[in-house]
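See below for the structure under consideration.
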Amino acid sequence: MRTVLEQAKSWHRPLMLMVLAMMGLVVASGIGLAVDNREILNESVWLKPFKFGISFVLYGATLAWLLSKLRKAKRFGWWTGTVFAVTGIVDVGFIAVQAARGTFSHFNDNADTFNQVGQKVFMSGVLGLFGASLVVAIMLLFQRVGDAPMNRAIRIGLGLAVAGMGIAFYLVGANTDRQQVTDAYGHPVTLAGSHGIGVEPGGPGMPLTHWSTVGGDLRIPHFVGLHAIHFLLITLLVLHLLAGRLPWLRPERVRARLIAVAAFAYAGLMATVTVQAFRGQALIHPDLKTLGMLAGVAAISLVALTAVLTTAHRTPPVEPLQPTPATPGLEPAPATQATQPTPALEPNPATQPTPPPAARV
């Protein structure tokens with residue numbers, strides 16, 4: 001844990017400051033959920049900033065970590081992350097302010113000056129968040145920031161996250177049905193759009209998320225796509241931990257193929273809930289068509305998973321080369337004479353010339 005915190009100090013600082021701010025918002029919104037009984041559309045005014053705060057903590061920290069992995073265009077990546085951080089604080093900050101005012105942040109078409117200015121900034125922020133995420137995804141597409149499994153998880157995960165963000169454009173642009181509702185004080189509010197398909201605002205919803213239980217809800221595919229990167233990184237972590245005990249999981253190619261299978265299954269799930277939402281169908285009430293899509297995705301994923309596992313078990317893992325042991329009974333060869341120092345030669349008396357006899361006087 002301490003190592004992770006130490007590494008986090010080197011991550012993208014503006015994004016990490018945004019993450020800290022979002023953590024504070026989660027705490028404040030949690031308190032609001034407990035003590036403030038004001039509601040809009042049958043849910044607490046603090047539920048939306050609470051959910052957005054958690055989402056931006058997860059996504060912002062992931063993006064800060066990814067930007068620290070860049071090897072090229074680091075400065076451009078830093079500025080892209082900074083744009084995301086500033087835009088995120090402004091947009092989620094507007095959501096929190098509107099919650100404190102007891103009114104709507106999304107689709108609010110009331111004519112008061114604060115709301116009109118805030119809505120323009122808010123909707124332009126959606127473009128900034130989407131654009132920054134798309135730029136980072138493209139940058140990582142052409143850079144290798146880890147081994148093959150990690151690169152595959154990051155690239156596919158960010159791609160699905162950008163696709164999930166793209167649904168937000170429909171939420172704020174294409175779906176422009178106007179509806180009359182009231183804020184937390186009973187004042188009339190005009191909503192120029194909705195996240196629901198075939199359902200009135202404020203209808204029955206699931207616990208905590210309040211996703212519709214009677215009609216289509218585009219928040220579901222938006223959520224699923226946005227957090228694809230987290231699902232794949234968690235899958236990568238699990239595979240890495242299992243590889244310590246399972247030798248057949250140690251080759252990169254095996255884990256990369258398993259990440260591809262997991263990504264296909266997740267993308268299929270995202271496509272299914274997207275089609276389901278646009279058909280005006282609640283998540284918990286799938287019909288035969290939806291179940292058929294899920295069954296098809298599950299079947300293909302299972303076949304691919306079986307093929308990867310079968311191939312991995314048949315292929316022996318590559319073990320590190322060991323030094324060849326010496327043959328028993330044989331001594332290592334002595335060093336050559338060229339490497340030994342040559343001893344000094346002693347003079348041999350037998351071979352020395354006899355001096356001539358001394359001359360007689």
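Pairing residues of region 22-33 that are touching a residue at least 60 places away in the same chain (Cβ under 8 Å) with residues that are of a type in the set (Ser, Thr, Tyr), at Cβ distances under 8 Å and at least 6 apart in sequence or on separate chains, gives 32/44. In summary, residue 104 fulfils each of the numbered conditions (1) outside any loop (DSSP other than H, G, I, E, B); (2) open to solvent by 10 Å² or more (accessible area, probe 1.4 Å) with the single exception of condition (1). Taking the criterion of being open to solvent by 50 Å² or more (accessible area, probe 1.4 Å) and assigned to a helix (DSSP H, G or I), the residues of region 69-89 that qualify are 74, 75, 76, 78, 79, 83, 86, 89.
Across region 45-68, which residue is farthest from residue 150 (Cα to Cα) among those that are among the small types (Gly, Ala, Ser) and open to solvent by less than 30 Å² (accessible area, probe 1.4 Å)?
Restricting to residues being among the small types (Gly, Ala, Ser) and open to solvent by less than 30 Å² (accessible area, probe 1.4 Å), the top hit is 53.
Set side by side, the residues 40, 31 differ, and just one is more than 30 Å from residue 139 (Cα to Cα) and modelled with pLDDT under 95, which is 40. Of the helices (runs of 4 or more DSSP H) lying entirely inside region 196-286, those containing at least 2 residues that are open to solvent by 70 Å² or more (accessible area, probe 1.4 Å) are 228-243, 252-278.
When region 77-130 is filtered for residues that are out of contact with any helix residue (DSSP H, G or I) (no Cβ under 9 Å at 6 or more places or on another chain), closer than 22 Å to residue 46 by Cβ and modelled with pLDDT under 90, only 112 remains.
The values are calculated or read from the model by the stated rules, or taken from the named source; none is laboratory data. The shown structure was predicted, so the numbers you read here are calculated from the model rather than taken from an experiment. Don't worry about glycine lacking a Cβ; one is built from the backbone with ideal geometry, like all the others, and counts go over all protein chains shown. Protein only, heavy atoms only, side chains kept; ligands, DNA and RNA dropped before computing areas. Shrake-Rupley method; radii C 1.70, N 1.55, O 1.52, S 1.80 Å.
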